[in-house]
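Working notes, structure below.
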Amino acid sequence: MASDRFKRMGYDVKSVQQMMAHTDERVTQAYQAGHGIDYEEISIYLDEKAIGRDFY
């Protein structure tokens, strides 16, 4: 869903591909296809322990 949202914001496929760590542009395009659906906001997060390091 994030990939689709970045596309809607005007980011080019190559930039989204790099950010999502996709090895092929076609993978990114597949993630961007068919996500024009409603979504529900939820409250989840990854803490430093789950990520494996601190981010600031």
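The values are calculated or read from the model by the stated rules, or taken from the named source; none is laboratory data. Everything quoted here is computed from the prediction, not taken from an experiment. These accessible areas exclude ligands, DNA and RNA; they are computed on the full protein's heavy atoms, side chains included. Shrake-Rupley method; radii C 1.70, N 1.55, O 1.52, S 1.80 Å.
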Roughly how many Å² is the accessible area per residue of the chain, as a whole number, for a 1.4 Å probe? 91
Using the Karplus curve 6.51 cos²θ - 1.76 cosθ + 1.60 with θ = phi - 60°, what ³J(HN,Hα) values do you get for each residue of the range 4-14, in whole Hz, with x for Gly and Pro? 5, 5, 5, 4, 4, 7, x, 6, 6, 4, 4
Potential lengthening between ILE44 and ALA2 on full extension [0.36 nm per residue; Cα-Cα distance subtracted]: 13.6 nm
The extension gain from ALA33 to ARG53, computed as 0.36 nm times the residue separation minus the Cα-Cα distance, is 3.9 nm
How big is the equivalent ellipsoid of the chain along its three axes, where each semi-axis is √(5λ) from the Cα gyration tensor, reported in whole Å from largest to smallest? 24, 17, 10
What part of the accessible area of the chain, given as a whole %, is carbon or sulfur when the probe is 1.4 angstrom? 53
